[in-house]
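Peer 1: Please find one structure pasted underneath; my questions will follow.
The values are calculated or read from the model by the stated rules, or taken from the named source; none is laboratory data. Remember, it's a predicted structure, so these values are computed and weren't measured experimentally. FYI the Cβ positions are ideal-geometry reconstructions off the backbone, even for glycines, and counts take in every protein chain you see.
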Amino acid sequence: MRDVRMRGFAERADVEDVERFLAEHSPPLGSEQVASSACAGRILAAAVDSPGNVPAFDRSAMDGYAVRGADTFGASPYDPIRLTLVGEALPGKASDAPVGAGEAVRIMTGAPLPAGADAVVMAEVCEEEGGKVEVREAVAPQKNVGAIGEDIRTGDALLAPGRHLRPQDAALLVSVGIGAVPCVRTPLVRLVVTGNELLPAGSEPEGVKIVDSNSVMLAGLIERDGGITLPFEILPDDPDAIRAALAADDADVVLVSGGSSVGKEDYAPQLVAELGRLDFHGISMRPSSPTGVGRLGAGIDGSGHDRFAFLLPGNPVSCLCAYEFFAGPTIRALGGRKRDWPHPRVDLPLARKISSELGRTDYVRVAIEDGQVVPLATSGASILSSTVRAAGVVVVPRDAEGYPEWAEVEVRLYDDTTETYERPAQGRPSPASSGPVGGIQ
Ligand code: AMP
Ligand code: MG
């Protein structure tokens, strides 16, 4: 493999090619049995059918009296019907006595309907006195009864594969007695954070040393995307240390932060090529052009891969951008989720034009002010605060030279904001009153 260090890239891959490659190589991981009581938030790997009926027995939907509906015909406040009380049914405790003609059993919501009864009269239209019940309203058979299998029948499909399980799904599984369900295995992610200049998160910046902020950002993104970040340590720019970290085969995805470009101390690309395969290095995009994508481990020449390696530039904005384009969709897909942008998108007019170069994909951080999209910066990959000020990003694809002012653009929001972004009132928007214009990176 050509050593790109201090020479630069001969040619760069297109974003779409890398995306296509990743989509083709990241089917969901295998499945594992997960206790139904703990499955909320997981992705269901196979269809689940009901092993039984819900309800499993005819039950009362009301507090009242279980009767034979036919016995109550003609009952009214002026002409009540008197039935003989023969027993009581409670939730979890059936009545010993069946209901015969002219008889009733006191019954509570959720209690099993006694044999012989076919309806429940609600307590409000009855009066109990001396072993008798006066019924002042007629009920048709089946009235106020939850019939066996009314909700779910044995064999009914309960949940489809790929379902992102909700708390109520877990509750339903438990309610029909399913103890565990197959869920897609959670992707394990190893962070390989490199840089002699880095101090661990929690330190104060000191002299020419800076605090490793990428790992904090990446860990949050990994969690958002359904992965688990394995414990890690910051590594010096030392090829042996980085080689050892890349060789550890305990993860499904390896994210290398820093040391991924063409600098003198950028060892990771060579090491990925040495230990596996470096499928891409150098992508025509801004920021993040030094991004690399490879695979590590024994499986790469056979059934696919053992683990992906993403070489993310150390500059925080590039690191975020490369994660969002390539690593994030892959982690989501491995975990059985959709590859798509994981937050809402909004279409709004541009307050200022965005320029881009043909042949390059741009990731433009934007604010939304007064319903207009305000570009914050198109370069300045080290300016982390631009991603904090931004509501989201506009992606300018390879075949566009940018967008003119007032063009309608799609903003991929950075979160599931509950704010609604209202478009400006009729007509051309006034220039955005605040926020950086053009040059501020
Ligand atoms: P590199 O990709 O290693 O050449 O790093 C590019 C820039 O990103 C340098 O200014 C680094 O100091 C900075 N950088 C590298 N790693 C991190 C990190 N983990 N957190 C914050 N900044 C970083
Ligand atoms: Mg570095």
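Peer 1: Does any residue of region 41-62 turn out to be charged (D, E, K, R) and within 30 Å of residue 135 (Cβ to Cβ)? Show your work before the answer.
Peer 2: If we filter region 41-62 for residues that are charged (D, E, K, R), which is where we start, we get 42, 49, 58-59.
Those still in the list that are within 30 Å of residue 135 (Cβ to Cβ) too: 58-59.
Taking every residue of region 41-62 in turn, at least one turns out to be charged (D, E, K, R) and within 30 Å of residue 135 (Cβ to Cβ).
Peer 1: Now, a different point. I need the full set of residues from region 180-190 which are away from ligand 1 (no atom under 16 Å from the Cβ), assigned to a strand (DSSP E or B) and crowded, with 20+ Cβ neighbours inside 10 Å, in order please.
Peer 2: 181, 183, 184
Peer 1: Looking at region 165-176, is at least one residue more than 26 Å from residue 231 (Cα to Cα) and in contact with a Pro (Cβ under 8 Å, 6 or more places away or on another chain)?
Peer 2: For region 165-176, residues more than 26 Å from residue 231 (Cα to Cα) and in contact with a Pro (Cβ under 8 Å, 6 or more places away or on another chain): present.
Peer 1: Could you grab me the full set of residues in region 21-70 that are outside any loop (DSSP other than H, G, I, E, B), acidic (Asp, Glu) and in contact (Cβ under 8 Å) with a residue 60 or more places away in the chain?
Peer 2: Those that are outside any loop (DSSP other than H, G, I, E, B), acidic (Asp, Glu) and in contact (Cβ under 8 Å) with a residue 60 or more places away in the chain: 32, 49.
Peer 1: Turning to a different aspect of this structure: How many residues are more than 11 Å from ligand 1 (Cβ to nearest atom), among the aliphatic types (A, V, I, L, M), assigned to a helix (DSSP H, G or I) and in contact (Cβ under 8 Å) with a residue 40 or more places away in the chain when one looks only at region 209-236?
Peer 2: Here the count works out to 2.
Conditions tested, residue by residue: (1) within 20 Å of residue 218 (Cα to Cα); (2) modelled with pLDDT of 95 or more.
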residue	(1), (2)
376	no, no
382	yes, no
385	yes, no
389	yes, no
393	yes, yes
399	no, yes
405	no, yes
408	no, yes
414	yes, yes
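Peer 1: Being modelled with pLDDT under 95 and among the basic types (Lys, Arg) narrows it down to one of 224, 243, 277, so name that one.
Peer 2: Answer to the selection: 277.
Peer 1: Now, a different point. State whether one or more residues within region 97-117 are surrounded by fewer than 19 Cβ atoms within 10 Å (Cβ to Cβ) and in a strand (DSSP E or B).
Peer 2: Checking region 97-117: not a single residue is surrounded by fewer than 19 Cβ atoms within 10 Å (Cβ to Cβ) and in a strand (DSSP E or B).
Peer 1: Shifting gears a bit: Looking only at residues that are aliphatic (A, V, I, L, M), assigned to a helix (DSSP H, G or I) and buried (at least 18 other Cβ atoms within 10 Å of the Cβ) in region 163-174, which one is farthest from ligand 1 (Cβ to nearest atom)?
Peer 2: 172
Quick grid of which residues meet (1) touching a Pro at 6+ places or on another chain (Cβ under 7 Å); (2) surrounded by 21 or more Cβ atoms within 10 Å (Cβ to Cβ); (3) farther than 17 Å from residue 318 by Cβ:
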{"residue": "360", "(1), (2), (3)": "no, no, no"}
{"residue": "371", "(1), (2), (3)": "yes, no, yes"}
{"residue": "383", "(1), (2), (3)": "no, no, no"}
{"residue": "401", "(1), (2), (3)": "no, no, yes"}
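Peer 1: Can we say residue 177 is under 25 Å from residue 327 (Cβ atoms), away from ligand 2 (no atom under 16 Å from the Cβ) and not in a strand (DSSP E or B)?
Peer 2: Spelling it out, it is not the case that residue 177 is under 25 Å from residue 327 (Cβ atoms), away from ligand 2 (no atom under 16 Å from the Cβ) and not in a strand (DSSP E or B).
Peer 1: Yes or no: residue 193 more than 14 Å from ligand 1 (Cβ to nearest atom), within 17 Å of residue 322 (Cα to Cα) and outside any helix (DSSP H, G or I)?
Peer 2: Taking the combined requirement at face value, the residue does not satisfy it.
Peer 1: Condition first: crowded, with 17+ Cβ neighbours inside 10 Å and within 16 Å of ligand 1 (Cβ to nearest atom). Now tell me which residues in region 237-261 satisfy that.
Peer 2: Once the filter is applied, which keeps residues that are crowded, with 17+ Cβ neighbours inside 10 Å and within 16 Å of ligand 1 (Cβ to nearest atom), region 237-261 yields 237, 242, 245, 246, 254, 255, 256, 257, 258, 259, 260, 261.
Peer 1: Determine whether residue 310 is assigned to a strand (DSSP E or B), within 14 Å of ligand 1 (Cβ to nearest atom), at pLDDT 95 or above and among the hydrophobic types (A, V, I, L, M, F, W, C).
Peer 2: It is true that residue 310 is assigned to a strand (DSSP E or B), within 14 Å of ligand 1 (Cβ to nearest atom), at pLDDT 95 or above and among the hydrophobic types (A, V, I, L, M, F, W, C).
Peer 1: Test of understanding: among 235, 230, 255, 218, which residue is farther than 17 Å from residue 313 by Cβ, aliphatic (A, V, I, L, M) and more than 10 Å from ligand 2 (Cβ to nearest atom)?
Peer 2: On the way: 235 fails: farther than 17 Å from residue 313 by Cβ; 255 fails: farther than 17 Å from residue 313 by Cβ; 218 fails: farther than 17 Å from residue 313 by Cβ.
Selected residue: 230, the only one of 235, 230, 255, 218 that is farther than 17 Å from residue 313 by Cβ, aliphatic (A, V, I, L, M) and more than 10 Å from ligand 2 (Cβ to nearest atom).
Peer 1: Another one. Hey, can you tell me all the residues within region 71-96 that are basic (Lys, Arg) and either in a loop (DSSP other than H, G, I, E, B) or within 18 Å of residue 145 (Cβ to Cβ) (or both)?
Peer 2: Restricting attention to region 71-96, the residues satisfying the condition of being basic (Lys, Arg) are 82, 93.
Answer for region 71-96, where residues must be basic (Lys, Arg) and either in a loop (DSSP other than H, G, I, E, B) or within 18 Å of residue 145 (Cβ to Cβ) (or both): just 93.
Peer 1: Sticking with this structure for a sec: Outside the structural domain of residue 415 (by TED's automatic domain parsing) and assigned to a strand (DSSP E or B), is that true of residue 255?
Peer 2: Yes: the conditions hold for residue 255.
Peer 1: Just to be sure I understand, how many residues within region 264-297 are in a loop (DSSP other than H, G, I, E, B), within 16 Å of ligand 2 (Cβ to nearest atom) and within 30 Å of the chain's Cα centre (by Cα)? Before you say what the answer is, go through the steps one by one.
Peer 2: From region 264-297, those in a loop (DSSP other than H, G, I, E, B) are 264-267, 282, 284, 287-291, 297; that's our starting set.
From what is left, the residues that are within 16 Å of ligand 2 (Cβ to nearest atom) are 264-267, 287-291.
Cutting the leftovers down to within 30 Å of the chain's Cα centre (by Cα) gives us 287-291.
Of the residues in that region, 5 qualify.
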